[in-house]
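The values are calculated or read from the model by the stated rules, or taken from the named source; none is laboratory data. All figures in this text were calculated on a predicted structure; none of them were measured in a lab. As a convention, Cβ positions derive from the backbone with ideal geometry for all residues, glycine included, and neighbour counts pool all protein chains shown. Surface accessibility is based on the protein's heavy atoms, side chains included, excluding ligands, DNA and RNA. Shrake-Rupley method; radii C 1.70, N 1.55, O 1.52, S 1.80 Å.
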Amino acid sequence: MKRNFMYVIGAAMLVTTLACKAQTAKKANADVPSYEILNLPKVDLKAFKKNAAGAYVIFDGTSLNGWRGYNKEKVPAKWGIEDGMLKFSKNPAGVTNPDGGDLIFAHDFKNFELEFEWKISQSGNSGVFVLAKEVKDQPIYISSPEYQLLDNDNHPDAKMGVDGNRKSGSLYDMIPAKPQNGNPAGQWNKAKIVVNKGKVTHYQNDVKVVEYSLWTADWTKMLQSSKFSQAKWPLAFELLNNVGGKSKSGVIGFQDHGDDVWLKNVTVKVL
């Protein structure tokens, strides 16, 4: 199977004219290190089919069209398709020295509903990112809120953080998913993330478990109480406090946390 990033061909393909050209961001605070936001190739969402609910099918079980590595122009070898599922494999069969890294769908989304199903390996950890920017030499979570994917029963992160805010469905390290209704490792979970004019809602197994609003005083306060505070991590605080940048948009990403994870039925409905 080809793992390289596959662009949608013909008139359906849209590549940003600023591809691979980095822009240096202005610093709002002298304590924030300099950083660059990359403008790597993007795809035209209209090239993808819609389902009966009017959502774009961005992973159909047969193709990695539209996907590539975060800050990369190809799909990392640890990501692939297995039995119609999108899978991150810690040790993919038949691959020597496979590269890893987070996987993104290369389109900037602003107001949308992301839906997918996921299951995690024993003691596994992963996550989902929205409104992310591709920041040179930085991890995806430095600019994006994270919907946690976790084996709550066995991974140590479940007992860390505050009040369970690192368990599945949670806004990682900030808001715990309540009720906590995640299924055990090896079992499928349904997830939905709604982003609409700054309001973000997490659903887990058809239940609303988290709700918060970006770009507000409460959002800033939550950041200051987390591992991304201005004192602990000035660059992360700068980027997360201004999630999505000027356009208030960004890419969707799935995390390489080193543990096997499976995903299917990945769709996005634009609002």
field: ³J(HN,Hα) computed for each position of region 54-67 - Karplus, 6.51 cos²θ - 1.76 cosθ + 1.60, integer Hz, glycine/proline x
entry: x, 9, 6, 8, 9, 9, 9, x, 10, 9, 9, 3, x, 9
task: Could you sort out which of K197/K269; K133/K197; K50/K178; K159/K208; K42/K74 sit more than 24 Å apart by Cα distance in this structure?
output: K50/K178
message: I'd like to check one number: the per residue accessible area of the chain, probe 1.4 Å, reported in Å² as a whole number.
response: 46 Å²
- prompt: Ranked from highest to lowest mean number of other Cβ atoms within 10 Å per residue, what is the order of the peptides 148-155, 181-188?
  reply: 148-155, 181-188
message: Taking 29 Å as the cut-off for C-alpha to C-alpha distance, list the pairs among K87/K167; K190/K232; K227/K248; K46/K90 that go past it.
response: K190/K232; K46/K90
- request: Take the alpha-carbon centre of region 55-84, take the same for region 208-224, and report the distance between them in whole Å.
  value: 30 Å
Peptide ranges 32-39, 83-90 listed from the most packed, as the mean C-beta count within 10 angstrom indicates: 83-90, 32-39
message: Under a crude label model (7 Å from the Cα following the beta-carbon direction), how far is N97 from S34 in nanometres?
response: 3.2 nm
- request: Let me know the shape class of region 47-161, please: from the alpha-carbon gyration tensor, a ≥ b ≥ c as square roots of the eigenvalues, rounded when a/c is under 1.5, otherwise prolate if a/b is greater than b/c, or oblate.
  value: rounded
message: Quick check: at a probe of 1.4 Å, how many percent of the accessible area of the chain sits on carbon and sulfur atoms?
response: 49 percent
- line: Shape call for region 95-236, from the Cα gyration tensor axes a ≥ b ≥ c (a/c under 1.5 means rounded, otherwise prolate when a/b beats b/c, else oblate), comes out rounded
statement: Where a ≥ b ≥ c are root eigenvalues of the Cα gyration tensor, a/c under 1.5 meaning rounded, otherwise prolate if a/b exceeds b/c and oblate otherwise, the chain counts as rounded
- request: Grab the DSSP H runs of the chain that are 4 residues or longer, score each as -39,500 (n - 2.57), total them, divide by all residues and round the 222 nm result to the nearest 500 deg cm²/dmol.
  value: -1500 deg cm²/dmol
